[in-house]
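The values are calculated or read from the model by the stated rules, or taken from the named source; none is laboratory data. Remember, it's a predicted structure, so these values are computed and weren't measured experimentally. Note: ideal-geometry Cβ built from the backbone for every residue, glycine included; neighbour counts use all protein chains shown. When the accessible area is computed, the model is the full protein with side chains, heavy atoms only, and any ligands, DNA or RNA have been set aside. Shrake-Rupley method; radii C 1.70, N 1.55, O 1.52, S 1.80 Å.
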Amino acid sequence: MRAFSHDDETTLPKVWADALQAADLPELDLAPFARLVVVAAHPDDESLGAGGLLAVASGDGLSTSLVVATDGEGSHPASPTHDPDSLALRRRGELDRAAEAAGLARSAVTRLGLPDGQLADHLDAVVEAIVDLVGDGRDCLLVAPYRADGHPDHEAMGRCAAAAAHRTGATLAEYPVWLWHAGEADDLPLDALVWLPLSPPARAAKQAAILSHTSQVEALSDQPGDEVLLTASMLAHFAGAAEYFVLTAAEHARDGRLDRLHVEDQDPWGAASRWYEQRKRALLLATLPRPRFGRALEVGCSTGVLTEALLDRADAVVAVDSSPAALELARHRLPDRVDLRLLSVPGEWPEGAFDLVVVSEVGYFLSPAALAGLVDRVVDGLAPDGALVLCHWRHPVRGWPLDGAAVHRAFQDERLPPQAARYRDRDVEIVVHAAPADWPDPHR
């Protein structure tokens, strides 16, 4: 995908209209959602790509929020009349007016104040902000710039939203902006595209929102460097009676953060070196109700340090992780008799029953929906006399919506063996679910 510029020759709106009509696209259904969170890289992205959706959602009573990453101070780098600070101040005011035109209260708008043009250097901060706002995303539609829009900030914002959707369980809808201007039909995945019809009031609200961004739709002055960025030919792409979005279910959204951690650091958690990790492993092993198990499963094995310790307590060990980099490190550590598998739980799961399932330091890296699915998988995969051990850090986990306490509450499920033991200190909590008969007789 090449980068686009405002002064490129535009793709005519009729070319897009013909391609979209021929695709016979499904309509975006807002009924499953109680909340809408729209994110944008710059003021005006939200009005262009989702101004109609914002107006429709506000009219339908959806709880609606808007997150804008930058103040757009880099839109006119050669301006002789506006320095970046004054342009940022102006664009913040324009955003307030645009949000009001779309039906949003000012309190519903969050500005992150990150540097325009440099969002790729702040991905973790953006993801964290979106995750904090979305939380449990099972009732949320998260709307963001398209990840292949041709603008680096738009694409970075789209990647952040995809990661946040994966972590929260929100449904992701991506809106093109520059792609309409200079892209082609082959640049959009038509099989994932949906459309939202705009009523006359919603259409009018969108246009009012767009025109609120006067620094973009009008020249700052008649001097070079102050030219119009959103020209009439560009704006023509956003004047229709529909908006279009690339729709992605949460389980198909991408988040490569944990894999990148293992690429950047061969021991990202300090599992082989930190006293916390060594002590935690010893505590976990000490809580196991039997000296030995038949078949054990470790969910989220990372580099395999705990897996190695489990080999002394089980006849066979299956260890799974969704990170290729982590599994490659684990292969160097572990003997061949460990069954290492690249799986993304709960969508993927190893076959057969397990006498022991260990979920250690991984549950809060799942979305709330995926965690519920993991509970179901453990219920189905645990042998009738099997034991489940949960072990998680007790402090806040930044960038994900869950913490260790929430994970352990999710496993308080009557389909599982009862809670038989619990250890908790300042840093870690370990919970064992096992049948009472599993515990050894202290008199023997």
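At-a-glance table
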item	result
Counted residues, segment 333-356 - those being touching a Gly at 6+ places or on another chain (Cβ under 7 Å), under 20 Å from VAL407 (Cα atoms) and either modelled with pLDDT under 95 or of a type outside the set (Phe, Trp, Tyr) (or both)	2
Yes/no for ALA120 being open to solvent by less than 50 Å² (accessible area, probe 1.4 Å) and either part of a helix (DSSP H, G or I) or at positive phi (or both)	no
LEU196 vs. criteria buried (at least 18 other Cβ atoms within 10 Å of the Cβ), out of contact with any Cys (no Cβ under 9 Å at 6 or more places or on another chain) and free of Cβ contacts under 8 Å to residues at least 60 places away in the same chain	no
Criterion: more than 19 Å from VAL246 (Cβ to Cβ), open to solvent by 10 Å² or more (accessible area, probe 1.4 Å), touching a residue at least 40 places away in the same chain (Cβ under 8 Å) and out of contact with any Ser or Thr (no Cβ under 9 Å at 6 or more places or on another chain) - qualifying residue of PRO224, PRO189	PRO224
Where a residue in segment 255-280 is within 14 Å of SER360 (Cβ to Cβ) and its partner, wherever it lies, is among the acidic types (Asp, Glu), with Cβ under 6 Å and at least six apart	ALA271/GLU277
Selection status of GLU46, outside any strand (DSSP E or B) and closer than 17 Å to GLU174 by Cα	yes
Hey, LEU382 in contact (Cβ under 8 Å) with a residue 40 or more places away in the chain, open to solvent by less than 30 Å² (accessible area, probe 1.4 Å) and either on the phi < 0 side of the Ramachandran plot or in contact with a helix residue (DSSP H, G or I) (Cβ under 8 Å, 6 or more places away or on another chain) (or both) or not	no
Residue among ALA387, ALA330 that is buried (at least 22 other Cβ atoms within 10 Å of the Cβ) and touching a Gly at 6+ places or on another chain (Cβ under 6 Å)	ALA330
Test result for VAL263, within 30 Å of the chain's Cα centre (by Cα) and assigned to a helix (DSSP H, G or I)	yes
Within segment 327-362, tally of residues that are in contact with a strand residue (DSSP E or B) (Cβ under 9 Å, 6 or more places away or on another chain) and in contact (Cβ under 8 Å) with a residue 60 or more places away in the chain	8
Residue that is most open to solvent (accessible area, probe 1.4 Å), among those in segment 260-309 that are more than 25 Å from ASP425 (Cβ to Cβ) and of a type in the set (D, E, K, R)	GLU264
Condition met for ARG295 (part of a helix (DSSP H, G or I) and basic (Lys, Arg))	no
Among (1) at pLDDT below 95; (2) more than 30 Å from PRO368 (Cβ to Cβ) - the single one THR214 does not satisfy	(1)
Pairs, first at pLDDT below 95 in segment 35-58, second open to solvent by 10 Å² or more (accessible area, probe 1.4 Å) and small (Gly, Ala, Ser), C-beta under 9 Å, six or more apart	SER58/GLY103; SER58/ALA205
Subset of segment 66-80 [buried (at least 21 other Cβ atoms within 10 Å of the Cβ) and either at pLDDT below 95 or among the polar types (S, T, N, Q) (or both)]	THR70, SER75
Residues within segment 81-108 that are touching a Lys or Arg at 6+ places or on another chain (Cβ under 9 Å), in a helix (DSSP H, G or I) and surrounded by fewer than 22 Cβ atoms within 10 Å (Cβ to Cβ), tallied	4
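Rundown of residues vs (1) within 22 Å of LEU53 (Cα to Cα); (2) in contact (Cβ under 8 Å) with a residue 40 or more places away in the chain, yes/no style:
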{"position": "ALA98", "(1), (2)": "yes, yes"}
{"position": "ALA102", "(1), (2)": "yes, yes"}
{"position": "ALA105", "(1), (2)": "yes, no"}
{"position": "VAL109", "(1), (2)": "yes, yes"}
{"position": "PRO115", "(1), (2)": "no, yes"}
{"position": "ILE130", "(1), (2)": "yes, yes"}
{"position": "ASP139", "(1), (2)": "yes, yes"}
